[in-house]
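The values are calculated or read from the model by the stated rules, or taken from the named source; none is laboratory data. Every value quoted in this text rests on a predicted model; they were computed, and no experiment measured them. So basically every Cβ, Gly included, is an ideal-geometry build from the backbone, and we count neighbours across all protein chains shown. In case anyone asks, the SASA skips ligands and DNA or RNA and just uses the protein heavy atoms, side chains included. Shrake-Rupley method; radii C 1.70, N 1.55, O 1.52, S 1.80 Å.
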Amino acid sequence: IYQARWCERMHFLIRSQHNRCLAGNGAKLYENLAQQPLAGRYTIRVVDPKSLEARQAVVSVRFCRAEIELA
């Protein structure tokens, strides 16, 4: 569970591995994010930890405020 007090200069980046239900409306997190405007697209270098081979990957960034349903 991620919980913190909000303050003016505090930002969070939270990775998600599972498409969780959102609190209040039963919508799913990934579908909600897909509807958000594209905030940026970045090219990054990714290294495979086994082979140590590097490649370029394009990462799209979208964001929104969301509250996850707690079971």
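A few remarks follow.
- Sum of side-chain charges, residue 20 neighbourhood, beta-carbon under 12 Å (Lys, Arg +1; Asp, Glu -1): -2
- Extension gain (nm, one decimal) between residue 18 and residue 53, 0.36 nm per residue minus Cα-Cα: 9.8 nm
- Local electrostatic count, residue 47, Cβ distance below 15 Å [Lys/Arg +1, Asp/Glu -1]: +1
- Shape class for region 17-62, computed from the alpha carbon gyration tensor (a ≥ b ≥ c): oblate, with a/c not under 1.5 and a/b at or below b/c.
- Gain on full extension, evaluated as 0.36 nm per residue between residue 62 and residue 43 minus their Cα-Cα distance, stands at 5.3 nm.
- Relative contact order (%) - region 14-71, alpha-carbon pairs under 8 angstrom, separation at least six: 37
- 62, 45, reordered so the largest accessible area comes first (probe 1.4 Å): 45, 62
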